[in-house]
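The values are calculated or read from the model by the stated rules, or taken from the named source; none is laboratory data. What you see is a predicted model, and the numbers here were worked out from it, not measured in a lab. Cβ atoms come from the backbone with ideal geometry, glycine included; neighbour counts cover every protein chain shown.
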Amino acid sequence: MRRLAVLFAVALTLALPGPGTAQPANAPLRELATADDGRGWEAVGRLNLGRSGFCTGALIEPQLVLTAAHCLYDKVTGKPFDPAEIEFLAGWRNGRAEAYRGVRRAVPHPAYVFGDEVRVDAVANDIALIELDQPIRLPSVRPFEIDFEARRGDRVGVVSYARDRSEAPSLQEICHVLGRQRGALVLSCSVDFGASGAPIFSMSHGVPRIVSVVSAKAQVDNEAVALGTSLRETMGILRQAMAAGEMRFHRAGVPSEGGARGDSGARFIRP
C-alpha cells in the first residue's frame, strides 16, 4: 500500500453559527468510478510522490499543476522530492489515466516553510506550482480557471483522491465556506489523508473554477472541517516565483511529538 502524503491535522477556534442556527447541508462524497461519472473532472489528477506517497493536483494550464506546497516534501526526511520522483496522472481511475506526465520542476510559495509550526499562517502559504515535462493537450483534459472570490457562506465543491479511495477520485459537489483566518479558508468539505492539494471549486454559473487548495483538516467545536489556501493572496506571488525560476525549499525544525502551538493558541498535530 502506498504511504500517504501528509495532511496536517489542526485544532483551531472559529466563530460558527450558534445552536439552533440552520446549517447548510453538505453533499456526500461520490466516487467518480466511470468515464461518465468523471467527465469534466479529468484535469484533476493524482500526484505520485517518491515510492510511496501521493497527493491530489489540478491542471490550470496545459503544463502547470496546482497543489499544496507540503506535498513537495518527504514527510519522513523533510527533504524536497527530486522532480524526477514526481508523476502527474491526469484523471487517474482504476489503473488508467487520461495522461501521464513527469515533472520538470516544482515551485512552492516562497514564504512556505515545511516543518515549521503547523498553524494557520503556514496554511496561508501552503501552495505550489508544478511544471510538467510536457504539456497535456487533450480534448478530454481541459485545465481549470482560477476564481479569487470565496466568501463565507459560499457553496463550493472538492474533487480529491484520499486514503481508501486512491484509485479513483471522489466528488463532494456541495460543501461551504465557513470563514477565513489570515489567508486560509475554513470549509465544511470532507477531506482525508491524500487529499492534500485537492482543488476546491466555486460551482457558480455551472462552471467549476478553483478558489482554493486543500492544505489541512481540523476540528472546530468537535466538527471536522477542511482548511484551504486563499488564492487571492498567493497566486500572484507564486506565479512570479515560477517566472523567475525560483525553487526555494525551506525547512524548519519538526515539532515535538504531540504537536506544537502557534500564536493563536491552537493545538497542531501531524498525523
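When residue 58 is tested against (1) of a type outside the set (S, T, N, Q); (2) out of contact with any Pro (no Cβ under 6 Å at 6 or more places or on another chain); (3) buried (at least 16 other Cβ atoms within 10 Å of the Cβ), only condition (2) is not met. Cβ-Cβ contacts under 7 Å between residues 6 or more apart (or on different chains), taken from a first residue in region 176-204 that is without any contact (Cβ under 8 Å) to a residue 40 or more places away in the chain and farther than 22 Å from residue 59 by Cβ to a second residue that is in a loop (DSSP other than H, G, I, E, B) and among the acidic types (Asp, Glu), are listed as 177/154.
Answer yes or no: is there a residue in region 207-223 that is closer than 21 Å to residue 41 by Cα and modelled with pLDDT under 90. Write out each step before concluding.
Start the filter on region 207-223 by keeping residues that are closer than 21 Å to residue 41 by Cα, which leaves 207-215.
Narrowing the set further to residues that are modelled with pLDDT under 90 leaves 207.
Within region 207-223, one or more residues are closer than 21 Å to residue 41 by Cα and modelled with pLDDT under 90.
Here residue 138 clears all of (1) surrounded by 15 or more Cβ atoms within 10 Å (Cβ to Cβ); (2) at pLDDT 95 or above except the condition numbered (1).
Mind checking which residues of region 130-141 are part of a loop (DSSP other than H, G, I, E, B), charged (D, E, K, R) and either free of Cβ contacts under 8 Å to residues at least 60 places away in the same chain or touching a Leu at 6+ places or on another chain (Cβ under 8 Å) (or both)? Residue satisfying the conditions is 133 alone.
Do we find that residue 122 is among the hydrophobic types (A, V, I, L, M, F, W, C) and modelled with pLDDT of 95 or more in this structure? So residue 122 does not fit the description; no. Scan region 142-155 and give yes if some residue there is surrounded by 19 or more Cβ atoms within 10 Å (Cβ to Cβ) and assigned to a strand (DSSP E or B), otherwise no. No: region 142-155 contains no residue that is surrounded by 19 or more Cβ atoms within 10 Å (Cβ to Cβ) and assigned to a strand (DSSP E or B).
Quick check on region 192-209: of everything there that is of a type in the set (A, V, I, L, M, F, W, C) and closer than 11 Å to residue 165 by Cβ, which residue is surrounded by the fewest Cβ atoms within 10 Å (Cβ to Cβ)? Even if it seems obvious, please write down each step before you answer.
Pass one, region 192-209, residues of a type in the set (A, V, I, L, M, F, W, C): 193, 195, 198, 200-201, 203, 207.
After this cut, where a residue has to be closer than 11 Å to residue 165 by Cβ as well, the list is 193, 195.
Values: 193: 20, 195: 29.
In this case the residue turns out to be 193.
Of all the listed residues (242, 235), the sole one being in contact with a strand residue (DSSP E or B) (Cβ under 6 Å, 6 or more places away or on another chain), in contact (Cβ under 8 Å) with a residue 24 or more places away in the chain, outside any strand (DSSP E or B) and not β-branched (Val, Ile, Thr) is 242.
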